[in-house]
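Got a structure for you, written out below as structure tokens; questions coming shortly.
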């Protein structure tokens, strides 16, 4: 597609439920990143993919969070047993390659997650 | 470690006013520095970047100079417009080790420009 697409744009869920967030990167981009932005905070790195593998999962806040990528394309971020502190905007970005210090990232519009 | 500290907002200016948004960083090695902008309802997009000391990034009338001696990358524009209203994020990209290529962001500064 023309840009990075994320769905849903908004998600309201009850505490304890599982949610799945989706990211469609720009075609041909091998690198894919997930960030989280809590209200009034900066962007917090969660995980990145090089192809379908995730070399760095150090940013995932807890074992309730997981992510996968298939076909070097779509990625899903899953949050199990959601908590109120998971409420945030979840941003996805893609780039041509990982490991280039000045590589340009293209961001999606994000998914606003609200846990009641 | 790597981190970015930027000026807290919100910043409110009249059209044609001068803009400065301060950004300082902490990093090992020689990071690249960026300003990203998020317009209402849109995703973050790269505004400008600088990859080495004393480089000046510029775009759409915005400028920022990579100052290694003061570890700063302040964003400036001589005459802002209403259309510049957005959230601005300063970021650095690590150049080494396991964090190579990862972007570290500041908290963002909300800019509102009134006509």
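Across the residues of B:39-45, average count of Cβ atoms on other protein chains within 10 Å?
Across B:39-45, the average partner-chain Cβ count within 10 Å equals 5.
Something else: Efficiency by 1/(1 + (r/R0)^6): what FRET value for residue B:114 and residue A:9, r their Cβ-Cβ distance, R0 = 22 Å, to the nearest 0.05?
Efficiency computed from Cβ-Cβ geometry: 0.15.
Next up: Return the distance in nm (one decimal) between the two label points of a simple spin-label model at residue A:64 and residue A:83, each offset 7 Å from Cα along Cα→Cβ.
That separation, rounded to one decimal, is 0.6 nm.
If you don't mind, another one. What's the percent breakdown of Cα-Cα distances in chain A across 10 Å bins, shortest bin first?
Whole-percent P(r) values from 0 Å outward: 15, 50, 30, 5.
Is the shape of segment B:16-104 rounded, prolate or oblate, going by the alpha carbon gyration tensor and its root eigenvalues a ≥ b ≥ c, with a/c under 1.5 for rounded and a/b larger than b/c for prolate?
oblate
Could you order the peptides A:34-44, A:68-78 from most to least packed, using the average number of other C-beta atoms within 10 Å per residue?
Those peptides, ordered most packed to least, come out A:34-44, A:68-78.
Let me ask another. For segment B:1-74 and segment A:6-61, write down the distance between their C-alpha centroids in whole Å.
24 Å
Taken together, the values in this text are just the output of simple stated rules run on the coordinates, not laboratory data. Note that the structure is a prediction, hence the values are computed from the model and not measured. In this analysis, Cβ positions are derived from the backbone assuming ideal geometry, glycine residues included, and neighbour counts consider all displayed protein chains.
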